[in-house]
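Derivation of every value follows stated rules applied to the coordinates shown; laboratory data play no part. Here the structure is a predicted model, which means the values were calculated and not measured. Note: ideal-geometry Cβ built from the backbone for every residue, glycine included; neighbour counts use all protein chains shown.
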Amino acid sequence: MVNSATYAGIVADIRKKNYKPIYYLAGPEGYFIDRISELIEKTVLTDDERDFNQDIVYGRDSTFEKVIEMSMAYPVMSEHRVVIVKEAQDLGGDIGKLSYYLSNPLKSNVLVFCHKNELPDKRKKIFSEIASKGVYFESVKLKDAALPGFITDYLKDKGFSITGDAASVAAEYIGSDISKIAKEFDKILLFKTAGDKNITVDDVVANIDSVREYNVFELKNALIAKDVMAVFKIVKFLESNPKAVFLPKILPLLFNFFSNLMLAYYAPDKSPRGIASFLDLKSEWQSKDYLNAMRRYTGKKVMDIIGEIKNTDAKSKGVGYRNVSDAELLKELVWFILH
């Protein structure tokens, strides 16, 4: 079995200048592959050394044999030489030829393969050899439950901290695209004043600029609180911005929330921890929405709301209704929910 190294361990070793002769970075999550290869590209050699000692090639334009030949060249006026193969999944030739190179790799050289979108066939003997002589890393998509942890680690690496609630909110708002998560937090950091190193829920809500966040999550929160003024303020905003009203996104979120709310009534333990466990939520923080809603909506009303959301979905698809805008359907739905 080929063991995958960890992202944190690889990055820590590179920063300590503990370089390996070969890195094979593979998998469907391109973010971690890019970060590792960029770190090697920018830190192993100085600016002056790169002209003669760094080669970056693309798989579709090369072969394993050519890459091995480049990797066997000695550094010129430098301690190291770096060869990076991007889109390595498109390399031609025989990957088994790497076995010859790995039998006696140059300790001065660093060879990096960026194999994206898929995992290679690890049954091939060469991957055991790569893992024993260097680094084999599998970059897989993060599960939703792991996203707050990624956010916390990402900010820690930049010298910032974040509250657990804020990390959970950000994961829910942004989604599972970690490249987008990183980009959004880089934007948030631009607005932090000197000495303010902690990210809060307010920072997340104020600085992540997305219509989806406003028209879906803010609307849901206002409905939970039965804040009539806030609900209709949001609906008015949506009505004046027709492109922001996208019922195929709004209705599923409301349907999922009220369906879970219906289940929450049956939870044997109605504490935050009990609700989170019963509904399989990512954090106890999310259970507060259900606890708040249970104080404002009866089980009978929730059942009626679920039925009305289904009815609105049908109307939006033209069943029984003609020439009615999404904004008008949304106004009818929120009126029903609140009354």
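Quick look at the numbers
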quantity: Two-site FRET efficiency, residue 41 against residue 100, from Cβ-Cβ distance with R₀ of 25 Å, rounded to 0.05; calculated: 0.45
quantity: C-alpha long axis of helix 147-157 to longest principal axis of the chain, angle in °; calculated: 50 degrees
quantity: For the range 287-337, fraction of C-alpha pairs farther apart than 15 Å, in %; calculated: 52 percent
quantity: ³J(HN,Hα) computed for each position of the range 67-78 - Karplus, 6.51 cos²θ - 1.76 cosθ + 1.60, integer Hz, glycine/proline x; calculated: 5, 4, 4, 5, 6, 8, 7, 7, x, 10, 6, 7
quantity: Hz values of 3J(HN,Hα) by residue in the range 41-58 - Karplus curve (6.51, -1.76, 1.60), Gly and Pro given as x; calculated: 4, 9, 10, 5, 10, 7, 4, 5, 7, 5, 4, 9, 10, 10, 10, 10, 10, 10
quantity: Gain on full stretching of the segment that runs from residue 310 to residue 90 - 0.36 nm per residue minus C-alpha separation; calculated: 74.5 nm
quantity: Qualifying chymotrypsin sites (Phe, Trp or Tyr not before Pro) for the range 263-339 [loop in DSSP, other Cβ within 10 Å: at most 10]; calculated: 266
quantity: Highest average packing first - 162-172, 177-187, Cβ atoms within 10 Å; calculated: 162-172, 177-187
quantity: At 0.890 mPa s and 25 °C, Stokes D of the chain from Kirkwood alpha-carbon radius, µm² per second; calculated: 104 µm²/s
quantity: Mean Cα-pair separation over length for the chain, i.e. relative contact order, pairs under 8 Å, 6 or more apart, %; calculated: 15 percent
quantity: Pairwise label distance in nanometres, residue 108 with residue 253, each label 7 Å out on the Cα-Cβ vector; calculated: 5.7 nm
quantity: Using alpha-carbon coordinates, inclination of helix 247-264 to the longest axis of the chain, degrees; calculated: 80 degrees
quantity: Gain on full stretching of the segment that runs from residue 323 to residue 228 - 0.36 nm per residue minus C-alpha separation; calculated: 31.5 nm
quantity: Degrees, to the nearest 10: 164-174 long Cα axis against longest axis of the chain; calculated: 90 degrees
quantity: For residue 23, distant residues with modelled amide H under 5 Å away; calculated: 111, 112, 113, 135
